[in-house]
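Participant: First, the structure itself, so that you have it in front of you.
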Amino acid sequence: MNMLRKFFNATALHNLLFVLLLLAITSGLAYLGSHYHLQRDVTFNASNSLEPGSIEVLKQLNGPVNITVYATEQDARLGDIRKIIRNFLSLYQRYKSDINLVFIDPEKDAEKTRAANIQLNGEMVIEHAGRSEHLTKINEQIVTSTLLRLAHSRDQTLLYLDGHGERKLDGIANHDLGALFGARLKQNGFRIGSLNLALAQEVPSNASMLVITQPQLDLMPGEVDKLLRYVEHGGNLLWLVDAEPLHGLERLAEKLDLLLPPGIVVDPGASEMNAPPTWALGAAYPPHAITRNFNLITAFPAARAIAWNENPDWHQQVLVEVAARGWISRAATSSTPNPAQLRFDKQHDTPGPAIIAVALHRNINDREQRIVVVGSGNFLANSFAGNGGNVDLGVNMVNWLANDEHLITLQPRAAKDSDLVLSKTQLTAIGFCFLLILPLLLVGCGTHIWWKRRRA
């Protein structure tokens, strides 16, 4: 009995049991690590994670995504570009496991490279659902936008009314909409075309939606008839109406039971932001699929207010309400330079807030018809679309009209200040502590330990 007790108390047995326990714990952790993945981004600005918009796009991709990268193992300028691309795309693979990544060396496999029409080292081909696109640059905005285009299950044709001096959705003039807004729509997979109703018999049935901007000439009655038939048959519509004469579109406003009072919205909050007072600023948005998770400031130059008559056929929802401390001025123009020239006139002006964007929908022909009316075409014009989240809001409107509101637009990652600014006094105190006090403390501790050991 004593021998057995001595055996169990032996140091060798304790060590053996410790080793066995350590192996069991290590094996268990290895099993958990291979079957369950846990990652946490602790960077200050979540720079090693995808934006929520990118994650939502990945959720819409049914089936695998194949990415073929034509890159050498070393690049004279960037070094190991394969590692750069692999590390970046691993962020996407974290949320979608069936993203397959393959590397091909264009120097060693020149035949495949020529067949794929590869032009640059590091060029990628992304394939999904029988569609493919080439990428020569890589960042989250570009890759997610490409996946967004591939996620469209059908062709999306977007037509804009033309022939009366309207803004062109693919134009580059200051008043046109093509440089930013139109370019983003093309990037997201929409095909853009013009429509002259003086030539076309009707609005084509294959159009996902029609965009109407401010005409400079009167539409002929026959053209308006075609527009009204398009609405009657359930066509989706984006109408950007400026604070100008409607030039024949009054009948369209009546058809939608809209009231478009004269005047321009004056927003004192814009003056406080060093913007013209005739800019209406949007900051908070009523809940709607278009404004879901949207928290960017938008600017609407020379906006007009929108109201409506109650109609049981249509369901109206406010998208943008502005100028809580402002008013609708009949005297203001878009070129009014001095805020002091704009004063509220009780007899002619209407106090704010003002609604400048509204969404309408109804059920017709066993489908939902969707219409968005915005009281400012300027907010998407090339001259102004770069302000705040104007383009993002416009793209959200188009996605909703195309019944693709789940394909939300990417909003820019908020830039957080990572700079540490110290005063001269603070720098002196820090230098004094590190260069004098801390060394003296270390010397004192060392001297104390030496003295104790010597006395022992």
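Participant: Just checking, which of Leu380, Leu393, Leu410, Leu427 is aliphatic (A, V, I, L, M), modelled with pLDDT under 85 and within 23 Å of Ala283 (Cβ to Cβ)?
Facilitator: So the residue among Leu380, Leu393, Leu410, Leu427 that is aliphatic (A, V, I, L, M), modelled with pLDDT under 85 and within 23 Å of Ala283 (Cβ to Cβ) is Leu410.
Participant: Within the stretch 98-148, track down each residue that is assigned to a helix (DSSP H, G or I) and farther than 14 Å from Tyr70 by Cβ. Talk me through it step by step, then tell me what you get.
Facilitator: Step one: filter the stretch 98-148 for residues assigned to a helix (DSSP H, G or I), giving 110-115, 140-148.
Glu140, Gln141, Ile142, Val143, Thr144, Ser145, Thr146, Leu147, Leu148, listed by residue number.
Participant: Further question: How many of the residues making up the stretch 202-259 are without any contact (Cβ under 8 Å) to a residue 60 or more places away in the chain and aromatic (Phe, Trp, Tyr)?
Facilitator: 1
The values are calculated or read from the model by the stated rules, or taken from the named source; none is laboratory data. What you see is a predicted model, and the numbers here were worked out from it, not measured in a lab. Neighbour counts run over all protein chains shown; Cβ positions are idealised from the backbone, glycine included.
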